[in-house]
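Written out below as structure tokens is the structure these notes cover.
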Amino acid sequence: MNGLLDVADLRVEFGRHRAPALRGVSFSLQAGQRLGLIGESGSGKTVTALAVMGLLPETARVSGSVRLDGRELVGLPDAQFSDLRGVAMGMVFQEPMTALDPTMRVGRQVAEVALLRGRATRGDTRTNVLQLLTRVGFVDPERIADAYPHQLSGGQRQRVVLAMAVFNRPGLIICDEPTTALDVTVQARVLDLLDEILGESGAACLFISHDLAVVSRVCSHAMVMLDGDVVESGPVSQIFAAPRHPYTQGLVATARLDLVTPGERLPTIEDYFRREDFR
Amino acid sequence: MRWINLVLGTVLVAGVILLGLVSLAWTPFDPTLVVPGERLQPPGWPHILGTDAFGIDVFSRIMAGARVVVQVGVVAVGLALLVGVPLGVAAAMSHRWLSDLIMRGADILYAFPALLLAILLAAAVGASTMTAAVAIGVASVPAFARVARAATLQVMSSDYMLAARAAGTSPLAAAVTHVLPNIAAVIWVQASASFGMAILAEAGLSYLGLATPPPAPTWGRMLRDAQNVIFSNPEQALWPGLAIAAAVLGFNLLGDGLRDQLDPRLRDIS
Amino acid sequence: MATVRAVAVRLAVLVGSLLVASFVVFAVCQALPGDVAQQILGEQATPEAVDALRQRLGLDRPFLVRYAAWVGGMLSGDFGSSYLTGVPVGDLIWPRVAVSAWLIGLALLLTPLVALPLGLVAAVWRRHWQGFVATAASQVGMAIPAFWTGLMLVSVFSIRLGWLPANGYVAFAADPAGWASHLVLPVASLTIVQAAMLTRYVRSAFVEVLTEDYFRTARAIGWRRIPGLLRHGLRNVALSVLTVLGLQLAATVVGAIVIESVFTLPGLGSLLLTAVGQRDLQVVQGTVMLLVVTVLVINALVDVSYQVLDPRVRTGDLR
């Protein structure tokens, strides 16, 4: 247990009267490794990501351990946590339409990532920003930098957010359903880009999705979550080939529609897994 | 925390209304009786809050003042509600140009706060409880129209409203059977907040002599009287001010509390 | 282009509003009171004398002609003359404008300066005692009338401590220090109440920013909570502050009327109250109109300034 990110027995509760959001999650992520986090909404994927980033709302009570490069993050004061964000770890969110400040030009928002660290002069930064925007696939970085978020499409915005997340070359990048809100064709482009950038920078990635097919494109390993628990984890190939948990079996069946005989009813998760049986 | 606004607001509002009601039948002393021999008594017995510069019992005057406040508030808020809510509902349910016309009218009225209207009325026909109440009521119309319009627009986009319209229900019938019941809660919240503002406005107007004429006791007039002796007896300004603050705070908290009950998700935001 | 069009539309609305508002003021002052000439001369006056006065004051002309004459006069700076004293209304108004303008202007300037930090505290620490204190202070501040705040400030700072004058006014040109000391308490009384009201909106605007996705993005790239909130929230909060301040303008203007009465400042408010006391309708009408014009014009300016503050509006992609 001394990878880049070591999570042990992580528990999160919101208020006394609600069911715990995480019930003791443990996993480990090596440098450069890509781990997919799969589950339906409410299964605790996003809470896990936010707990690692230290961005849970104040009402959350967190216990257990999250270690980044051996440094304990649970209970870390916000000021010190802030210094890690954007430097040691970056995050890409689900909703590109609202993830950028609507009143600020895109270029300035990207530049903030550099300026926040106190290094780099303005002129420098502008060059860096344009380079980075080119890196994430924009052919006209000048125009993008001078645009306001609402003038960009969802896919373009998501690439901007990705650029912000990787600007300082953090060792860990967390992606929370980065393509869910995008059109299918745009989805593929953003995933390819992500794959390329991760490969180039050698950063580790915690990739959250409800879609097994998407995870299999980006990740080597996967972890399946259900109601705040990890129910299965292992290499993606193994999960695809021999899912053990009934819920995972359902996920795999719905992801492999190419195996369905035309004219037959499509499989659903409920064919494999009914929650009542597990209560 | 969730209940504190509602409970505190209800207690304060009930207190003010109770004081006003009781004053109709009984006050410890005559709230208009000038007793030169008992001027500026400190709080004690039998004058629990002391007497003012005329020798009038302060507590009796505050009780009688509560009556005026409730009177003006009921007339003003009632007027604003009866005019503003139908206008707002009509604006939401009618054609664009009529809706624009109504809301532009509301915008213009925003430039005429209660005090300016009361000044105009007082100059034109003389100051009285009625001119004050009407001025405050008219000035509160835009707030009700806005709230009613916003709430109605929300109801209009709901599925049951679509169903009712598809079934051929007339606009008026739809307004009465579907819209009014569904916007009632929001209107009550606004009414409570407006009542608080009406009390503040009434106090200001009676302080300036633009509302209920003497000798009828009002909290604003008590403060005007207190100002005349402020160099020798600054404490005279304390009690009527506290009465106003408690009454307004009560209605504001009641409004907040009602809104919290209405929509718990809004509690953090608004 | 969209901006130019929006400004033109807003300007047209402003002109329409001014016409409606002036008609309302004129109608209330001229139609409601009945026969002004009779009132001036008293019940015993002969019909001939009343007719003569009516003619001299121009009251024999039709209502709409008189209205048009009044509006036309104001456009050229002539507010008419008092029926009672014959003094031109303009001569009464202009020397007093400065006093009221200082009072209202300083209060409007200080209001956001007080409300922004208080609202920020109330929002960021809304689950802690600091936030509770800030919220409670705003609730209490909204419930107390400005003139009572004035009386309380006088009893503490003028009477008990003797630091500041309790009333009166000195022109800035005559004695800057005296001018300032006479304005401190009136401006403070007006500001406290308005700031309490604004704090409530600042708080909810900041709370909204705290829940926005773009704020979470800002936190994810390393912003600490308060610097991030100022950097990414302030512009968005400014929009709602501007709206509320626009709505508060009218309240501040009338608040100033009351405050002038508390501190016996020789501004428009005291002129107005004296005129009401004497039922001097021409003076009331002119002064009220000036105040209403101020409110409507500034509100129009506020609307136009959105174009500058919100790029979504400015580029015409929204609204």
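The values are calculated or read from the model by the stated rules, or taken from the named source; none is laboratory data. Not measured: the values here are computed from a predicted model. Here Cβ is always computed from backbone atoms with ideal geometry, including for glycine, and neighbour counts include all displayed protein chains.
A few points about this structure:
- Output for segment A:56-108, where each listed residue is at the interface with chain C (Cβ under 7 Å from one of its Cβ atoms), aliphatic (A, V, I, L, M) and surrounded by fewer than 17 Cβ atoms within 10 Å (Cβ to Cβ): A:Ala79
- Hey, A:Leu37 in contact with a Lys or Arg (Cβ under 7 Å, 6 or more places away or on another chain) and modelled with pLDDT of 90 or more or not: yes
- Helices (runs of 4 or more DSSP H) fully within segment B:166-270 that include at least 3 residues being buried (at least 17 other Cβ atoms within 10 Å of the Cβ) and either in contact (Cβ under 8 Å) with a residue 24 or more places away in the chain or more than 11 Å from chain C (Cβ to nearest Cβ) (or both): B:180-208, B:219-228, B:238-262.
- Any hit, segment A:133-141, residues being among the aromatic types (Phe, Trp, Tyr), without any contact (Cβ under 8 Å) to a residue 40 or more places away in the chain and not in a helix (DSSP H, G or I): yes
- Taking the listed residues A:Ala19, A:Ala8, A:Ala31, the one that is surrounded by fewer than 17 Cβ atoms within 10 Å (Cβ to Cβ), of a type in the set (A, V, I, L, M, F, W, C), farther than 20 Å from A:Ile239 by Cα and touching a Ser or Thr at 6+ places or on another chain (Cβ under 6 Å) is A:Ala8, with no other qualifying.
- Out of A:Val136, A:Val160, sole residue that is among the β-branched types (Val, Ile, Thr), touching a helix residue (DSSP H, G or I) at 6+ places or on another chain (Cβ under 6 Å) and modelled with pLDDT of 90 or more: A:Val160
- Looking across segment C:177-220 at every residue that is assigned to a helix (DSSP H, G or I), polar (S, T, N, Q) and under 18 Å from C:Asn236 (Cα atoms), the one that is nearest to the chain's Cα centre (by Cα) is identified as C:Thr199.
- Checklist (1) more than 10 Å from chain C (Cβ to nearest Cβ); (2) more than 14 Å from the chain's Cα centre (by Cα); (3) crowded, with 22+ Cβ neighbours inside 10 Å; (4) small (Gly, Ala, Ser) applied to B:Ala135, failing item: (2)
- Helices (runs of 4 or more DSSP H) contained in segment C:1-86 and holding at least 1 residues under 30 Å from C:Leu301 (Cα atoms) and touching a Gly at 6+ places or on another chain (Cβ under 8 Å): C:2-31, C:63-75
- Test for C:Ala21: is it touching a residue at least 12 places away in the same chain (Cβ under 8 Å), closer than 16 Å to C:Thr294 by Cα and of a type outside the set (Asp, Glu): yes
- Residues of segment B:1-51 that turn out to be in contact with a Lys or Arg (Cβ under 7 Å, 6 or more places away or on another chain) and part of a loop (DSSP other than H, G, I, E, B), as a count: 1
- C:Leu272 vs. criteria at the interface with another protein chain (Cβ under 10 Å from one of its Cβ atoms), over 22 Å from C:Phe206 (Cα atoms), modelled with pLDDT of 90 or more and buried (at least 24 other Cβ atoms within 10 Å of the Cβ): yes
- Evaluation of C:Leu53 against (1) away from chain B (no Cβ under 14 Å); (2) under 34 Å from the mean Cα position of the chain (by Cα); (3) buried (at least 17 other Cβ atoms within 10 Å of the Cβ); (4) not acidic (Asp, Glu) (one fails), failing number: (2)
- Of the residues making up segment C:135-162, those that are of a type in the set (Phe, Trp, Tyr) and touching a residue at least 24 places away in the same chain (Cβ under 8 Å) are C:Phe147, C:Phe157.
- Criterion violated by C:Val258 - all others in (1) out of contact with any Lys or Arg (no Cβ under 9 Å at 6 or more places or on another chain); (2) at the interface with chain A (Cβ under 10 Å from one of its Cβ atoms) satisfied: (2)
- Some residue of segment C:181-195 being among the polar types (S, T, N, Q), surrounded by fewer than 19 Cβ atoms within 10 Å (Cβ to Cβ) and free of Cβ contacts under 8 Å to residues at least 24 places away in the same chain: yes
- Verdict on B:Val69 being under 29 Å from C:Val288 (Cα atoms), part of a helix (DSSP H, G or I) and within 14 Å of chain C (Cβ to nearest Cβ): yes
- Residues of segment B:92-115 satisfying the condition of being surrounded by 24 or more Cβ atoms within 10 Å (Cβ to Cβ) and either more than 14 Å from every other protein chain (Cβ to nearest Cβ) or part of a helix (DSSP H, G or I) (or both): B:Ala114, B:Leu115
- The set of residues in segment A:195-213 being free of Cβ contacts under 8 Å to residues at least 40 places away in the same chain and under 14 Å from the mean Cα position of the chain (by Cα) consists of A:Asp195 alone.
- Scanning segment C:85-125 for residues that are under 30 Å from A:Glu58 (Cβ atoms) and surrounded by fewer than 20 Cβ atoms within 10 Å (Cβ to Cβ) yields C:Leu113, C:Val114, C:Pro117, C:Trp125.
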